[in-house]
1. Across the stretch 26-43, what is the total count of residues that are within 12 Å of ligand 2 (Cβ to nearest atom) and buried (at least 22 other Cβ atoms within 10 Å of the Cβ)?
2. Can you run down the residue pairs with Cβ atoms below 6 Å, 6 or more apart or on separate chains, where the first is in the stretch 259-270 and of a type in the set (A, V, I, L, M, F, W, C) and the partner is at pLDDT 95 or above?
3. Please state which one of 232, 225 is at pLDDT 95 or above and in contact with a Gly (Cβ under 7 Å, 6 or more places away or on another chain).
4. Against the definition (near ligand 2 (Cβ under 9 Å from one of its atoms) and closer than 22 Å to residue 208 by Cα), how does residue 47 come out, yes or no?
5. Filter the stretch 160-188 for residues that are basic (Lys, Arg) and more than 14 Å from the chain's Cα centre (by Cα); which is surrounded by the fewest Cβ atoms within 10 Å (Cβ to Cβ)?
6. Out of 97, 85, I need the residue that is farther than 23 Å from residue 161 by Cα and either among the small types (Gly, Ala, Ser) or at pLDDT 95 or above (or both). Which one?
7. Based on what the data block shows, is residue 199 in a loop (DSSP other than H, G, I, E, B), surrounded by 16 or more Cβ atoms within 10 Å (Cβ to Cβ) and within 15 Å of ligand 1 (Cβ to nearest atom)?
8. Would you call residue 75 farther than 24 Å from residue 128 by Cβ, assigned to a strand (DSSP E or B) and among the charged types (D, E, K, R)?
Amino acid sequence: MKKLLSGVKPTGIPTLGNYLGAMKQFAQLQSEMPDCEFLFFVADEHALTTPQNPKELKQNIKNVAALYLACGLKEENLTLFIQSEVPSHIQLSGIFESISYIGELERMTQYKEKKKKQIDGVSSALFTYPVLMAADILLYDVDYVPVGEDQKQHLELCKIIANRFNNRFGETFTIPQGITPKIGARIMDLQEPTKKMDKSSIDSKGCIYLLEPVSSAKKKIKSAVTDSESIVKYDKTNKPGISNLMSIYSSITNFSYKKIEKLYQGKGYGDFKSDLAELVGNELKEIQTKYQEIISSEQLNIILNKGRERANFLGNKKIAKVYKKVGLGR
Ligand code: ATP
Ligand code: LTN
């Protein structure tokens with residue numbers, strides 16, 4: 001049986017960007033690939049690479065787990081778990097640190113970006129983050145990794161680490177394949193459309209959170225930055241604001257940019273924004289209704305316990321093999 005894996009960090013409430021670039025797609029893939037095992041996890045150890053408030057972190061972990069299900073994942077063929085409940089992620093990452101190089105980690109764009117925002121110093125965990133991510137993936141010999149565009153570079157490094165290990169110690173890890181959605185892979189901030197919509201950024205006006213009131217999300221769409229031309233046309237370089245809104249529209253409706261342009265020909269941004277606000281509002285309403293059912297039920301714990309058991313079973317087996325290959329232990 002083929003395997004697919006992805007993770008979401010509990011660094012805040014997931015955003016519309018996380019949803020359109022990742023979580024919505026997870027549910028779609030699950031219905032398209034009935035013969036595949038789906039491993040999804042809450043990347044709480046990754047969250048610790050930047051400072052977190054312990055109480056909020058705990059709440060965010062639960063929220064992300066519930067939101068995976070609220071965004072449409074089904075229990076069948078699903079292994080949903082919390083990273084820190086499976087110690088073999090850290091164990092494998094420890095081994096990978098010995099075969100990854102400082103130079104290659106220094107080149108990572110996400111590291112360079114996040115580093116700038118750390119006022120109290122940059123943690124070494126932020127630096128080695130992609131090594132832990134490689135461990136998350138390679139531990140389970142997965143075939144596919146669906147992620148947004150921002151994670152492509154990390155995935156490439158993961159493949160390099162896998163090949164390096166295989167060459168040095170003999171065939172051990174499956175080389176994974178990335179899956180990036182064509183539309184929605186990079187949703188930008190509504191106020192600063194050249195910047196990624198980020199759940200851990202401080203200014204929330206440009207960011208729609210999956211659990212925020214629908215009315216406030218609609219307001220954010222209506223006050224999104226555009227340009228003075230008032231022509232609904234996709235042009236990422238010259239019209240980043242409206243292009244970003246069109247990519248949100250397109251990922252929700254599956255309409256092409258051409259079709260959207262035609263639909264709004266002769267109409268201004270007002271009509272377009274109103275319709276988009278409705279679309280986003282309806283999507284949020286559905287997610288929030290499901291979330292309320294899940295968060296207050298015992299079902300979430302049952303699913304997470306089952307996930308923990310399965311992930312530990314697979315992870316421990318792989319770690320034993322890896323330790324043997326590199327010569328650790330007695
Ligand atoms: P942080 O803000 O803490 O860095 P993040 O939201 O960028 O968090 P994750 O929560 O780990 O990071 O992201 C989960 C998934 O969502 C990843 O597959 C990532 O590629 C995708 N993703 C994140 N932001 C966006 C975005 N703005 N547009 C599309 N996809 C996104
Ligand atoms: N680095 C990713 C989250 C993440 C992940 C993973 C995604 C951690 N481990 C393994 C896919 C597979 C991020 O910042 N979005």
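1. The total comes to 5.
2. Pairs found: 260/246; 260/249.
3. Criteria check complete, one pass: 225.
4. No, not satisfied.
5. For the stretch 160-188, the residue satisfying everything is 182.
6. 85
7. yes
8. Values: farther than 24 Å from residue 128 by Cβ: yes; assigned to a strand (DSSP E or B): no; among the charged types (D, E, K, R): yes.
Considered against the rule, which asks whether it is farther than 24 Å from residue 128 by Cβ, assigned to a strand (DSSP E or B) and among the charged types (D, E, K, R), residue 75 comes out as no.
The values are calculated or read from the model by the stated rules, or taken from the named source; none is laboratory data. Since this is a predicted model, take the numbers as computed values, not measurements. No Cβ is skipped: glycine too gets one built from the backbone with ideal geometry, and neighbour counts run over all protein chains shown.
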